[in-house]
Every structure is written in structure tokens, then in C-alpha cells.
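The values are calculated or read from the model by the stated rules, or taken from the named source; none is laboratory data. These numbers come from a predicted model, not from an experiment. Glycine also receives a Cβ, built like all others from the backbone with ideal geometry; neighbour counts cover every protein chain displayed. What goes into the accessible areas is simple: the full protein's heavy atoms, side chains included, and nothing from ligands, DNA or RNA. Shrake-Rupley method; radii C 1.70, N 1.55, O 1.52, S 1.80 Å.
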Amino acid sequence: MALDENIYKLRLDKLKQIEALGQRVYPTKYEFTRTIQQVLAEHSQKTAEQLEASRVNVRMAGRIMAIRLMGKAGFAHLQQDGQRLQIYVKKDAVGEKGFELYKLLDLGDHIGVSGYLFRTRTGELTVHVEEITFLSKGLLPLPEKWHGLTDVELRYRQRYVDLFMNPEVREVFLKRAKLVQSMRNFLDGRGFVEVETPMMQPIAGGAVAKPFITHHNTLDIDLYLRIAPELYLKRLTVGGFDRVYEINRNFRNEGISTRHNPEFTMLEFYQAYTDYRGVMDLTQALIIQAAQDVTGGMKTKWGEQEIDWSDANWRRMTMREAIIEYWPDSAGAKPSLADFASHDSVKALVQQFNSAHSHMAYDPNEPAGRTIASLFEAVAEEHLTQPTIIYEFPTAVSPLSKQKADEPDWTERWEIYIGQMEISNGFSELNDPEDQRRRFEQQLKERERGDEEAHQMDEDYIRALSYGMPPAGGVGVGIDRLTMLLTNSQSIRDVILFPLLRPEKRSDNDETSKENR
RNA sequence: GGGCGCGUAGCUCAAUUGGCAGAGCAACUGACUCUUAAUCAGUAGGUUGUAGGUUCGAUUCCUACCGCGCUCACCA
């Protein structure tokens with residue numbers, strides 16, 4: 001028999017004894033007068049004398065995270081909302097039954113207590129308990145009280161334990177909530193309307209990615225989990241929502257890494273009558289505001305590095321300028337703008353880079369624009385720690401963006417890089433249905449060439465554009481990655497409450513299944 | 001998917017060259033009415049991820065598989 005099963009049964013027995021003391025074992029509610037956080041906020045500054053002079057009665061609830069019994073008295077620490085407060089339980093004060101109950105309590109139990117505040121000899125603010133109410137039992141043993149829960153696999157699989165054992169984990173997710181709130185405030189304050197668009201789509205559009213496929217039984221059709229909400233949000237700009245946003249969960253059937261989870265969250269917003277420059281400025285302001293709201297300042301740690309989010313520290317350069325600027329010395333002479341103009345000169349750049357530097361994957365049949373984008377990632381991305389806006393992307397990798405008027409091979413598109421990660425992506429939205437049809441057809445050719453991620457034809461989207469979509473700028477912001485940066489989390493799994501893991505194996509073996517209870 | 005690494009008690013970790021699998025916390029029993037990693041005395045808890053192999057003998061060496069981490073590829 002496994003040990004934790006022994007404990008489980010022992011604690012079930014204790015539960016019976018607790019019931020015998022006249023307590024409900026799983027009561028439905030407990031009315032408290034103060035949260036632990038409030039008690040700490042209101043009384044942390046008070047001296048022992050002040051507390052004695054004006055007796056402060058409290059009634060509060062929490063989970064037992066530490067307990068010390070000393071004969072006919074004892075202490076415990078209750079935790080609520082990540083905050084802890086000590087309680088003092090004396091037999092004289094709680095009575096025979098009350099003390100019997102205290103002795104039956106275990107780490108992890110939830111209780112309610114009423115009593116008054118005082119300071120112990122060592123000065124710690126403590127509740128002198130007069131009544132204990134049993135609220136819920138922890139039947140499984142808690143992790144080690146000093147080292148806590150450190151095994152990453154257990155932390156992800158049993159996030160519920162991770163959250164109450166590790167206050168810094170709780171803090172990360174509170175910051176994530178603040179980030180989303182900050183973004184909502186920012187956009188709501190500028191007249192944006194929050195909407196919800198389909199997560200199950202007949203055509204997985206709006207991005208370049210492999211989708212998940214699911215099936216609807218009644219309609220007997222396959223549907224894709226959305227890889228992006230983009231095309232639906234743009235339909236809404238056709239419909240007259242000039243400023244819309246969606247905080248959207250997207251699903252991409254691709255690799256899992258410290259920067260990729262199969263489902264992830266983006267903010268996507270569209271503003272009519274502006275272009276990529278307009279939304280560039282807006283997004284920069286939104287991110288700066290978010291950094292301020294989440295961290296209270298403009299500087300954050302990112303591993304060994306420091307990120308300065310303040311406006312003056314942001315840089316802007318074109319993709320071509322970035323490749324030139326970060327071209328490694330070992331790869332010889334820096335490229336010139338003319339080198340990006342033809343397929344052959346781009347090919348020569350790749351050969352020059354690969355001969356001297358680390359190898360970069362290269363398919364000579366792909367359009368030059370794709371190669372340039374890959375070259376940018378290989379050459380520049382690792383250098384982009386401070387907030388940097390890279391603009392003017394190749395048309396070949398931007399099927400939904402408007403081309404530059406003077407350079408049709410380039411689009412009015414940008415991405416924001418912070419901490420070596422792509423954080424945001426925005427552009428002047430392509431609203432010419434004829435052009436859009438040609439881009440889709442180009443994507444179909446890519447698909448035939450073997451690129452299964454290339455965009456599918458979306459006739460309804462082209463029809464929507466044919467009714468007239470206003471000129472608009474649109475943006476996506478990666479919320480998971482922005483949370484990583486703002487909380488100095490090196491893995492995306494540390495900012496997603498329940499990251500995707502391979503399911504635990506459930507054997508038919510009785511022992512194992514019980515252990516997994 | 002490839003490469004590298006890890007997997008020992010509920011948790012955190014030990015175990016010399018291949019030689020009796022251990023500690024702390026948690027748990028249980030007892031003492032203790034201001035402790036706070038409480039203290040003191042005692043007790044119990046293990047198919048060393050799984051399945052094979054080598055060996056007189058495997059936590060240790062080998063193979064496969066499972067899970068996780070890092071990394072590369074793909075991608076945001």
C-alpha cells in the first residue's frame with residue numbers, strides 16, 4: 001500500500017472524528033469579516049499595546065500551511081490569497097472540544113477562526129483564537145514545507161498545488177491578469193469594441209500555421225480550430241465596427257517549446273482609417289502602458305539582461321536595415337540595399353552567410369522574400385533584446401498586408417521584437433479584393449509546392465472585401481510572451497496555468513490508479 | 001521528429017569502483033499553554049519510472065519503452 005494512501009485513510013478517519021465533535025465536514029459557506037490580506041493591511045503597523053488597548057475582533061478563513069502543537073496550546077499559519085497570518089490556539093480559550101478539533105487538523109485543511117488580534121512575544125501579529133470552524137479537509141499530504149514543490153513536471157501537472165505552495169507562481173498569474181486588464185482599459189478608452197469571433201472555422205485563415213481539425217456531428221462537417229481571428233475581425237470592419245479587438249485563444253498544431261504552446265493567447269485589434277504607422281504608434285503605447293501597469297516601472301529583468309520599456313528606448317528599423325546592421329563580421333562585407341532586390345543576389349547573401357556563420361536552412365525554389373525573412377531571423381533576431389520595431393516585410397510572407405506603393409515586393413508590415421522574441425505583428429490591411437484574390441492564388445501555388453501551411457482560398461472573405469473594407473491597420477500581440485517578459489519567465493509554460501503535457505499514464509493496475517487519485 | 005540530460009519514500013535530496021537503499025520534512029505514538037524550518041523521545045514508510053539483458057550480485061553497466069527538462073528543426 002502506498003504511503004499517501006495510508007495518509008489518505010488516516011485523514012478520512014480524522015474526518016469522522018471531526019464530525020463526531022459536532023462539526024460539518026464539508027460545510028457550504030463561512031462568513032468572514034476580513035480577508036487575511038485585509039487584516040495584514042489594516043493592523044500590521046499596530047503595536048502590541050495598541051492591539052491590547054482596543055481589542056480587534058476578526059473572523060477569517062484560510063488553509064493551514066504550518067502547524068505547531070505544544071501540549072495544551074499551539075500555533076498555525078493560515079493562508080488565503082497567497083497571504084499568511086498566524087493563529088494561536090489555547091485550550092483555555094477554545095475549550096475542550098475546540099482543542100480536540102485543533103489536534104485533528106492537518107496541513108492543507110481549510111478552517112475558519114474567530115478571535116482577536118495580538119502580538120506574540122516575538123512580535124508576530126497573531127489571532128488569539130476563540131472558535132474554530134472546520135471547513136474542508138486536505139486528504140493528501142502537502143509537499144515539503146521548506147523546499148516546496150520544485151519538480152517542474154509536478155508543478156505543471158498539479159498546478160493547483162504549485163499555486164498554493166509557491167507564492168511567486170501565483171504572482172505571475174496575477175500579473176498576467178493585470179496585463180490583460182491593462183490592454184482592455186487601453187483599448188476601451190480609445191473607443192475599441194471587444195468582440196468574440198468563431199474559434200471553430202471551416203477555413204483556417206489569418207495566419208500561416210498547421211491547424212487542429214475537429215468534426216461537427218450534426219452538420220457532418222470538419223472544422224478547424226482557429227489559428228487566428230484575423231479574417232473575421234476584418235469582416236467586422238466591413239460591417240462597420242471601425243475599432244474592434246478580441247482577446248483570442250489560438251490553436252496551432254505545431255511543436256511545443258519554451259516559447260510555443262499549442263494553444264496560446266493573442267490580443268488582436270483593428271482600427272479603420274489608419275495604416276501600419278498608426279497602429280505601430282498605438283501598439284508601442286499599449287505595450288509601454290502594460291509594462292507600467294503590470295510592473296509599476298519601466299525596467300524589467302530578462303534573464304541576465306535588463307529590458308527598458310520606456311518610449312525613448314524603442315528603436316525602429318526596416319528588415320533590410322536590421323540584416324545590414326547585425327550582419328556578422330565573420331560573414332564578410334555587409335549587404336547593401338541592392339542585394340535584396342533580386343533572387344540571385346539574395347541567394348548569394350545566404351551563401352555568404354552560411355559559408356562563414358552557422359548554417360541557415362535554405363530552399364532555392366522559395367520566393368526571394370521568404371529567404372530574406374529567414375535571413376533576418378538568422379542574422380538579427382538574437383540581437384533584439386530591447387524593444388525594436390522591424391518594419392517593411394517581404395510581400396511573399398505577408399499575404400494579408402498592403403504593399404508599399406513604391407516597392408511592391410515589400411509590404412506595410414512590422415513586428416515588435418523584445419527579449420529576442422517576436423511579440424507583436426501589425427500591418428496596413430490589404431482591402432483590395434482583386435489583390436487579395438491574387439495573393440490567395442499565390443498561396444495556393446505555395447500549397448501545391450508542398451507548403452501545407454500556405455493560406456487557403458477564402459471566397460467569403462473576398463466577398464466581404466468586395467463590399468468595401470475601409471482602409472485599416474491591424475495588430476496582433478502575443479499575451480503569453482509579453483507575460484513571460486514582464487515576469488521574467490523563461491518558459492511559456494510558466495505563464496500558462498495548465499500547459500499542454502502528455503497525459504499521465506493510467507494503468508489498469510489497482511495501486512497505480514489509486515495513487516493517481 | 002533529431003541530439004543531450006534527468007527519473008530513488010508523499011515532498012526535497014543522498015548512496016565510494018557494481019557489494020546490506022539512507023537522511024530531512026511530511027505522517028504515526030508519547031512529552032510540552034508564546035511557537036515560527038518549534039523542540040525532545042520513539043515508530044512506520046521503497047518492485048530505485050517500466051520491461052528485458054550482462055553479472056555470483058544492478059539504484060549503479062547495456063538495450064528498448066514511458067515521462068519530463070534543455071536544445072535543434074517547425075513556428076508566434
### Message
For the list (1) open to solvent by less than 10 Å² (accessible area, probe 1.4 Å); (2) within 27 Å of A:Ala378 (Cα to Cα); (3) under 28 Å from the mean Cα position of the chain (by Cα), I need the number of the one condition that A:Thr411 fails.
### Response
(3)
### Query
Which numbered condition trips up A:Gly332, out of (1) under 21 Å from A:Ala454 (Cβ atoms); (2) surrounded by fewer than 16 Cβ atoms within 10 Å (Cβ to Cβ); (3) not charged (D, E, K, R)?
(1)
### Query
Can you tell me which residues in the range A:109-124 are surrounded by fewer than 19 Cβ atoms within 10 Å (Cβ to Cβ) and either among the charged types (D, E, K, R) or within 10 Å of RNA strand B (Cβ to nearest atom) (or both)?
A:Phe118, A:Arg119, A:Thr120, A:Arg121, A:Thr122, A:Gly123, A:Glu124
### Query
So, of the residues in the range A:348-360 that are open to solvent by 40 Å² or more (accessible area, probe 1.4 Å) and touching a helix residue (DSSP H, G or I) at 6+ places or on another chain (Cβ under 7 Å), which turns out to be farthest from RNA strand B (Cβ to nearest atom)?
A:Gln352
### Message
Give me the residue from the range A:364-422 that is in a strand (DSSP E or B) and of a type in the set (Val, Ile, Thr) and, out of that set, nearest to RNA strand B (Cβ to nearest atom).
### Response
A:Ile416
### Which listed residue, of A:Asn431, A:Asn425, is within 11 Å of RNA strand B (Cβ to nearest atom), modelled with pLDDT of 95 or more and open to solvent by 20 Å² or more (accessible area, probe 1.4 Å)
A:Asn425
### Query
Restricting to the range A:81-111, what's the tally of residues that are within 36 Å of the chain's Cα centre (by Cα) and in a strand (DSSP E or B)?
7
## Note on the structure
From the option list A:Val161, A:Val180, single residue qualifying as of a type in the set (A, V, I, L, M, F, W, C), in a helix (DSSP H, G or I) and in contact (Cβ under 8 Å) with a residue 24 or more places away in the chain is A:Val180
### Query
Considering only the range A:125-144, how many residues are outside any strand (DSSP E or B) and either open to solvent by 30 Å² or more (accessible area, probe 1.4 Å) or of a type in the set (Lys, Arg) (or both)?
6
### Query
Listed residues A:Tyr156, A:Tyr224; which is in a helix (DSSP H, G or I), touching a residue at least 24 places away in the same chain (Cβ under 8 Å), in contact with a Pro (Cβ under 9 Å, 6 or more places away or on another chain) and within 16 Å of RNA strand B (Cβ to nearest atom)?
A:Tyr156
### Task
Give the range A:434-473 a look and list any residue that's part of a strand (DSSP E or B) and within 13 Å of RNA strand B (Cβ to nearest atom), or say none.
none
#### Entry: Matching residues in the range A:240-287 - criterion: being open to solvent by 20 Å² or more (accessible area, probe 1.4 Å), at negative phi and part of a loop (DSSP other than H, G, I, E, B)
A:Phe241, A:Asp242, A:Arg252, A:Asn253, A:Glu254, A:Gly255, A:Ile256, A:Thr258, A:Arg259, A:Thr274, A:Asp275
### Task
Filter the range A:295-323 down to the residues that are part of a loop (DSSP other than H, G, I, E, B) and of a type in the set (Phe, Trp, Tyr), then identify the one that is most open to solvent (accessible area, probe 1.4 Å).
A:Trp314
### Query
Which condition number in (1) touching a strand residue (DSSP E or B) at 6+ places or on another chain (Cβ under 9 Å); (2) surrounded by fewer than 13 Cβ atoms within 10 Å (Cβ to Cβ); (3) at pLDDT 95 or above is the one that A:Lys234 fails?
(2)
### Query
Which one of these does A:Gly191 not meet: (1) out of contact with any Leu (no Cβ under 9 Å at 6 or more places or on another chain); (2) within 16 Å of RNA strand B (Cβ to nearest atom); (3) closer than 20 Å to A:Gly474 by Cβ?
(2)
